[in-house]
Amino acid sequence: MTKSNNRESQYPIDPMFLDRWSPRAFTGEIIEEAQLLSLLDAAHWAPSSSNQQPWRFIYALKGSEQWQTFVGLLVDANQEWAANASALIFVVSRAFTGTAGSAETKPSYTHSFDAGTAWGYLALQARLSGFYAHGMGGIKHDEIRQAFAIPEGYRVEAGVAVGRIADKSVLSERNQAREFPSQRKPLSEVAFNGRFIAD
């Protein structure tokens, strides 16, 4: 059993898994590109099926000419707080294996699974580096595809806001009420020995 960050695991784990969470309150300070690339470097060392490495990352740094475009590609509820992040990232996965356009191309069953693993590595490296990363499903998937000319065969998976944590007072009243590390279901509700239980 491990306790950290007002969380408690049922079994002994490293505290970094409890310390990682997804705040919305960011300071808005500038991040150096090398600092962000360090997080993305950790992400790209994630395991993947047949070492296909299907993840792709499109990013913008706060203060850059692309920043407002990236903010505008989030749904309104996320724009409200993510505009104060230091970097925004869109995670895209390659949904096929082989050389594009060749006869050896076939669908990849695990591309989203693998991209999700890379996101997890990014989130943990962010925390170890003094940053926080907040993953978002609330992005404008079709508009992102158009804005970056993402071809067929690639899936726009999610967005990520990265920054240093700020006091929750910078948030709207609605988001202040949600600004705390969330808990998890008991392990017994998601891990089953020799059987599957649908809920």
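Bear in mind that the values in this text are calculations on the coordinates, not laboratory data. Predicted, not measured: the structure shown is a model, and the values here were computed from it. When we count neighbours, we look across all protein chains shown, and the Cβ atoms used for this are built from the backbone with ideal geometry, even at glycine.
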Next on the checklist: For the pair residue 27/residue 152, report the inter-label distance in nm, with labels modelled 7 Å from Cα in the Cβ direction.
Outcome noted: 4.7
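So between residue 34 and residue 143, what do we pick up on full extension, going 0.36 nm a residue minus the alpha carbon distance?
Numbers: separation 109, 0.36 × 109 = 39.24 nm, distance 2.78 nm.
Between residue 34 and residue 143, full extension yields an extra 36.5 nm.
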Item to check | ³J(HN,Hα), Karplus 6.51/-1.76/1.60, whole Hz, each residue of the stretch 147-156, x for Gly, Pro | outcome: 4, 10, 6, 7, x, 4, x, 10, 10, 6
Checklist entry - For the stretch 132-137, what does the Karplus curve 6.51 cos²θ - 1.76 cosθ + 1.60, with θ = phi - 60°, yield as ³J(HN,Hα) per residue in whole Hz, taken in order and with x for Gly and Pro? => result 10, 10, 10, x, 9, x
Checklist entry - Using modelled amide H (1.01 Å from N, peptide plane; none on Pro or chain starts), what sits under 5 Å from the amide H of residue 55, excluding residues fewer than 5 places away? => result 94
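Kindly provide the Kirkwood hydrodynamic radius of the chain in Å, to one decimal, from all pairs of distinct alpha carbon atoms.
Details: mean 1/r = 0.0548 Å⁻¹.
The answer is 18.3 Å.
Within 10 Å of each residue's Cβ, count the other Cβ atoms and sort 13, 58, 139, 89 from fewest upward. Each step should come with its number before you reach the end.
Working: 13 12, 58 18, 139 22, 89 25.
With the sparsest Cβ surroundings first, the list reads 13, 58, 139, 89.
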Next on the checklist: Could you derive backbone 3J(HN,Hα) for the stretch 173-186 from the dihedral phi with the Karplus parameters 6.51, -1.76 and 1.60 (θ = phi - 60°), listing whole Hz in sequence and x where the residue is Gly or Pro?
Outcome noted: 4, 4, 6, 4, 5, 9, 8, 7, x, 6, 8, 10, 4, x
Checklist entry - Between residue 177 and residue 106, what length comes free when the chain is fully extended (0.36 nm per residue of separation minus the Cα-Cα distance, one decimal in nm)? => result 21.0 nm
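Ranking 90, 113, 196 by Cβ neighbours within 10 Å, fewest first, what do you get?
Working: 90 25, 113 13, 196 5.
In order of increasing Cβ crowding within 10 Å: 196, 113, 90.
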Checklist outcome for this item: Here the averaged projected area of the stretch 97-137, based on the convex hull of its alpha-carbon atoms and given in nm², is 4.0
